[in-house]
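J.: Starting off with a structure, shown below.
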Amino acid sequence: MNKSDPNSIAFAVITYYPKWYRGKLRSIKHTDKVRGDLALEFFRRSKKLGCQVVVADGKSVKTFRNELSQIDGIRIIKRKSLKRSIARRQAIKIAANLPNVKVIVSSEAEKTSLIDSIDKIAKPVLENRADIVIPKRNSTLFKETYPSYMYESEIEGNKLYSEILRTDNLLKGSEDFDMFFGPRVFANKKPVVRLFTRKYHLKISKKVYLNSHFDSEDYSATQYFSIIIALKKKLKVKSVEIDFYYPTSQKENEEKGERSLFEEKRKYQRMIILTDLLYFLNFLKSG
């Protein structure tokens, strides 16, 4: 089987590294430096492969933006909001209008090893076997390369998320989607792209709105609600396993540098994402 044309694949990525700096890492606690370096590696490798890249940057330090601008062929746009979903919609809309693009990959910029599997996750879309692909981490690499607290949290999160989808008859079969793994791969077709660029105004009843702590524009609107609607519309949503490994520097940063911060962050993310799911399913039923 021939390899996919990399130019037909566009990455839609958001960045925000206000404390990044040039040179060597001075402390494993410097999260923006660790992640910013990984992001630059991601972009360089993507362009070397021949993929198209759109970056919505949210006021990263000038030195990072300058470094980013040195990578030929990257489309850099100013991020409208620090809320993730708003910024992702920006990047996706630009990517969808680039010439020759047939597949859009929405991903975090630090996921460098995703690039090794780009052909595997894009092929089902290019061959019209899938409208959307949710990459699934190889279980052995997932357990070996991630911080243990993150592995345990996301395994449990995936299980709960998939069980709730099955309860609502949106997910068939026994395989869980790796929903807590960020990348989403989808066809550059208007009905599909619209799922990832649509705004959702969740109203549970006439006078009851989501609490401000549960802002779907932060996590769920693009990455999660789009999948739920796709399943509801019976689009072809496929799980594709890949040999993804967590970057060593990022693992060290989250285990040794800022462990307590990231442990709380992972707990918060899981709670928010699962709560958003329940609100959204209720919203769909009430609509």
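J.: So if I check each of Asn66, Asn100, which one is touching a residue at least 40 places away in the same chain (Cβ under 8 Å) and either closer than 26 Å to Ser239 by Cα or of a type in the set (S, T, N, Q) (or both)?
T.: Asn100
J.: I'm checking my understanding of the structure. Among residues of segment 3-30 that are of a type in the set (Gly, Ala, Ser) and in contact (Cβ under 8 Å) with a residue 12 or more places away in the chain, which one is nearest to Leu261 (Cα to Cα)?
T.: Looking only at segment 3-30, we keep the residues that are of a type in the set (Gly, Ala, Ser), and these are 4, 8, 10, 12, 23, 27.
Filter once more, keeping what is in contact (Cβ under 8 Å) with a residue 12 or more places away in the chain: 4, 8, 10, 12, 27.
On the way: Ser4: 40, Ser8: 39, Ala10: 33, Ala12: 27, Ser27: 16 Å.
Among those that are of a type in the set (Gly, Ala, Ser) and in contact (Cβ under 8 Å) with a residue 12 or more places away in the chain, it is Ser27.
J.: Residues of segment 112-133 being in contact with a Pro (Cβ under 8 Å, 6 or more places away or on another chain) and buried (at least 22 other Cβ atoms within 10 Å of the Cβ), which ones? Show your work before the answer.
T.: Going through segment 112-133, the residues in contact with a Pro (Cβ under 8 Å, 6 or more places away or on another chain) turn out to be 112-114, 117-118, 121, 130, 133.
Those that are in contact with a Pro (Cβ under 8 Å, 6 or more places away or on another chain) and buried (at least 22 other Cβ atoms within 10 Å of the Cβ): Thr112, Leu114, Ile118, Ile121, Ala130, Val133.
J.: Could you count how many residues in segment 221-269 are among the hydrophobic types (A, V, I, L, M, F, W, C) and in a loop (DSSP other than H, G, I, E, B)? If you could, list the steps in order and put the result at the bottom.
T.: As a first pass, look at segment 221-269 and keep what is among the hydrophobic types (A, V, I, L, M, F, W, C): 221, 225, 227-231, 235, 237, 240, 242, 244, 261-262.
Filter once more, so that each one left must be in a loop (DSSP other than H, G, I, E, B): 235, 244.
Here the count works out to 2.
J.: A further question on this structure: Would you check if Arg137 is surrounded by fewer than 15 Cβ atoms within 10 Å (Cβ to Cβ), within 20 Å of Tyr224 (Cβ to Cβ) and among the charged types (D, E, K, R)?
T.: no
J.: Can you tell me which of Arg45, Arg65, Arg75 is in a helix (DSSP H, G or I) and touching a helix residue (DSSP H, G or I) at 6+ places or on another chain (Cβ under 8 Å)?
T.: Within the list Arg45, Arg65, Arg75, the selection yields Arg45.
J.: Looking at Val192, Val240, Val185, can you tell me which residue is at pLDDT 95 or above, surrounded by fewer than 20 Cβ atoms within 10 Å (Cβ to Cβ), within 21 Å of the chain's Cα centre (by Cα) and among the hydrophobic types (A, V, I, L, M, F, W, C)?
T.: Val240
J.: Are any residues in segment 156-169 buried (at least 17 other Cβ atoms within 10 Å of the Cβ) and without any contact (Cβ under 8 Å) to a residue 40 or more places away in the chain, and if so, which ones?
T.: Those that are buried (at least 17 other Cβ atoms within 10 Å of the Cβ) and without any contact (Cβ under 8 Å) to a residue 40 or more places away in the chain: Asn158, Ser162.
J.: Looking only at segment 12-42, count how many residues are surrounded by 14 or more Cβ atoms within 10 Å (Cβ to Cβ), out of contact with any helix residue (DSSP H, G or I) (no Cβ under 7 Å at 6 or more places or on another chain) and outside any helix (DSSP H, G or I).
T.: 2
J.: Moving to a separate point now. Looking for something buried (at least 20 other Cβ atoms within 10 Å of the Cβ), modelled with pLDDT of 95 or more and touching a helix residue (DSSP H, G or I) at 6+ places or on another chain (Cβ under 7 Å) - is there at least one such residue anywhere in segment 207-221?
T.: No: segment 207-221 contains no residue that is buried (at least 20 other Cβ atoms within 10 Å of the Cβ), modelled with pLDDT of 95 or more and touching a helix residue (DSSP H, G or I) at 6+ places or on another chain (Cβ under 7 Å).
J.: Might you check whether a residue that is charged (D, E, K, R), surrounded by fewer than 17 Cβ atoms within 10 Å (Cβ to Cβ) and farther than 15 Å from Tyr149 by Cα occurs anywhere in segment 243-253?
T.: Yes, segment 243-253 contains a residue that is charged (D, E, K, R), surrounded by fewer than 17 Cβ atoms within 10 Å (Cβ to Cβ) and farther than 15 Å from Tyr149 by Cα.
J.: Does Val101 meet the test of being surrounded by fewer than 23 Cβ atoms within 10 Å (Cβ to Cβ), in contact with a strand residue (DSSP E or B) (Cβ under 6 Å, 6 or more places away or on another chain) and within 29 Å of Ala130 (Cα to Cα)?
T.: The answer is yes for Val101.
J.: Hey, another quick one. Which pairs have Cβ atoms under 8 Å, sit 6 or more apart or on different chains, and link a residue in segment 31-49 that is over 20 Å from Glu255 (Cβ atoms) and of a type in the set (S, T, N, Q) to one that is part of a helix (DSSP H, G or I) and modelled with pLDDT of 95 or more?
T.: So the pair list comes out as Ser46/Ile115.
The values are calculated or read from the model by the stated rules, or taken from the named source; none is laboratory data. Values in this document were obtained by computation on a predicted structure and should not be read as measured data. Cβ sites come from the backbone with ideal geometry, for glycine too, and all protein chains shown count toward neighbours.
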